[in-house]
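Q: For reference, the structure I am asking about is given below.
The values are calculated or read from the model by the stated rules, or taken from the named source; none is laboratory data. Everything numeric here is computed off the predicted structure, so don't read it as measured data. Glycine gets a Cβ as well: all are built from the backbone with ideal geometry, and neighbour counts include every protein chain shown. All accessible areas refer to the heavy atoms of the entire protein, side chains included, with ligands and DNA or RNA removed. Shrake-Rupley method; radii C 1.70, N 1.55, O 1.52, S 1.80 Å.
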Amino acid sequence: MEIQNAHRVVVKVGTSTLTHKTGHINIRLMERLVKVLADLKNQGLELVLVTSGAIGVGVGKLGLPSRPSDIPGKQAAAAVGQCELMYLYDKYFSEYNHTVAQVLLTRYSLAKEDGEENVHNTFEALLRMGAIPVVNENDTVATDEIRFGDNDTLSAYVARFISADSLVLLTDIDGLYTANPALDPNATLVTEVTEVDDQLMETAGGAGSSLGTGGMVTKLQAARIATQAGTDMYIINGKNPEGLYDLLEGKQVGTHFAACAAMS
Ligand code: GLU
């Protein structure tokens, strides 16, 4: 589907976009992002926001020297950071008269009998009521066996559950490059991907920042899940949230992963 005709859109924002290197929230960026999303909702879009940052913000708020590597440490940081995140989203969206709803998911919530249907029904009810679901992994109870592990993957599943028209990943780079632009000056932006094959997966490097958990590999995995479910996916630079306006007006921004033809 052409993005100008999209009605239901999932937007995912990563920790490296949302926070400073200290782990504290990038307030200016968050306010700009919320303003754009509130405005897009005013235009009539149904929006779901998948947000990272719970662990990173918790690390900042607790004044820890670095991101904990043990599970209880991460769970504790997430418990602190998730409150701060939701407090801020609630405050900023309320300024534009929009209501947010916190949705925390684990793989376990989906693996249970009727799990996917339950989640689907909850999203549908929230969207019908006009709320903006703000989704994260339930990091405080998630252990390795029940983790999505990264919000790129989680956002692709969310897009699938609600049959979103588009999934937009906001990240700290303009899109997918032919090579790692930090290392290779000849790297160029790939604007259109029709198939996420193994060779493309190999080209994508590892995770890029110390506070988040994603990287290009998880974004390509997300692209596979989303496009196979009939959702178009885009990677754009989150440092310029206003780029969402251009994208939704059909202008060329970032990288587009085309929904699989049979499904779209
Ligand atoms: N759920 C994690 C958090 O909020 C983020 C996972 C990710 O960075 O993809 O800290």
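Q: Scan segment 1-110 for trypsin sites (Lys or Arg not before Pro) in coil per DSSP, keeping those whose Cβ has at most 13 other Cβ atoms within 10 Å, and list them by number.
A: Hits after loop and neighbour filter: Lys21.
Q: Follow-up. Would you tally the net charge around Arg28, using a Cβ to Cβ cut-off of less than 12 Å, leaving Arg28 out, and scoring K and R as +1, D and E as -1?
A: +2
Q: Can you tell me the FRET efficiency between Gln199 and Thr22 if r is taken as the Cβ-Cβ distance and R0 is 45 Å, rounded to the nearest 0.05?
A: 0.75
Q: Of Tyr89, Thr191, Leu247, which is farthest along the charge dipole of the chain in the positive direction, counting Lys and Arg as +1 and Asp and Glu as -1 at C-beta?
A: Positive-end residue among those listed: Tyr89.
Q: Which of Met30, Ala76, Thr143 sits closest to the plus end of the dipole of segment 16-158, meaning its Cα is farthest towards the positive end, when Lys and Arg get +1 and Asp and Glu get -1 on the C-beta?
A: Met30
Q: Compute, for segment 1-61, the length of the dipole vector about the Cα centre, with Cβ point charges of +1 (Lys, Arg) and -1 (Asp, Glu) only. Units Debye, rounded to 20.
A: Approximately 260 debye in magnitude.
Q: Next question, about the same structure. By how many nm would the segment from Thr143 to Arg128 grow when fully extended, if each residue of separation counts as 0.36 nm and the alpha-carbon distance is taken off?
A: Computed gain between Thr143 and Arg128 is 2.2 nm.
Q: To continue, here is another question. Give the relative contact order (percent, whole number) for segment 35-150; include only Cα pairs under 8 Å separated by 6+ residues.
A: Result for segment 35-150 is 31 percent.
Q: Something else: Which value at 222 nm does the chain reach when only helices count, each DSSP H run of 4 or more adding -39,500 (n - 2.57), with the total divided by all residues and rounded to the nearest 500 deg cm²/dmol?
A: -12500 deg cm²/dmol
Q: A follow-up question, please. Which of the chymotrypsin sites (Phe, Trp or Tyr not before Pro) found in segment 1-98 are loop residues per DSSP with 13 or fewer other Cβ atoms within 10 Å of their Cβ?
A: Tyr96
Q: Which cross-chain or sequence-distant (5 or more) residues have an amide H under 5 Å from the amide H of Val103, H modelled 1.01 Å from N in plane?
A: Here the answer is Val134, Val135, Asn136, since their amide H atoms fall under 5 Å of that of Val103.
Q: Let me ask something additional. Along the Cα-to-Cβ line of Met1, 7 Å from the Cα, sits a label point; which residues in segment 230-252 have backbone N less than 15 Å from it?
A: Within reach of a label on Met1, which here means backbone N under 15 Å from a point 7 Å along Cα→Cβ, segment 230-252 contributes 230-234, 248-250.
Q: By its C-alpha gyration tensor, with a ≥ b ≥ c as the square roots of the eigenvalues, how is the chain shaped: rounded for a/c under 1.5, else prolate for a/b larger than b/c, else oblate?
A: Note, shape of the chain comes out rounded.
Q: With all protein chains present, how much of the accessible area of the chain (probe radius 1.4 Å) comes from carbon and sulfur, to the nearest whole percent?
A: Of the solvent-accessible surface of the chain, carbon and sulfur hold 49 percent.
Q: By per-residue mean of other Cβ atoms within 10 Å, what is the highest-first order of 128-135, 223-230?
A: Highest-to-lowest ranking by the protection proxy: 223-230, 128-135.
Q: Assuming R0 = 51 Å, can you tell me the calculated FRET efficiency for the pair Asn240 and Asn121, based on Cβ-Cβ distance, to the nearest 0.05?
A: Efficiency at R0 = 51 Å is approximately 0.90.
Q: Relative contact order for the chain: what percent, with Cα pairs under 8 Å and sequence separation of 6 or more?
A: Taking the mean separation of contacting Cα pairs over the length of the chain, I get 24 percent.
Q: Report the extension gain between Lys112 and Asn180 in nm, rounded to one decimal, defined as 0.36 nm multiplied by the number of residues separating them, less their alpha carbon distance.
A: Taking Lys112 through Asn180 to full extension adds about 20.5 nm, to one decimal.
Q: Please list, in order, the residues from segment 167-184 whose amide nitrogen is less than 19 Å from a point placed 7 Å along the Cα→Cβ vector of Glu192.
A: 167, 175-178
Q: Write down the accessible area per residue of the chain in Å², having rolled a 1.4 Å probe over the full set of protein chains.
A: In whole numbers, the chain has 46 Å² accessible per residue.
Q: Less than 9 Å Cβ to Cβ from Ala78, Lys/Arg counted +1 and Asp/Glu -1: what total charge do the surrounding residues give?
A: It works out to a net charge of -1.
Q: Ranked highest first by the average count of other Cβ atoms within 10 Å around their residues, in what order do 119-126, 186-193, 150-157 fall?
A: 150-157, 119-126, 186-193
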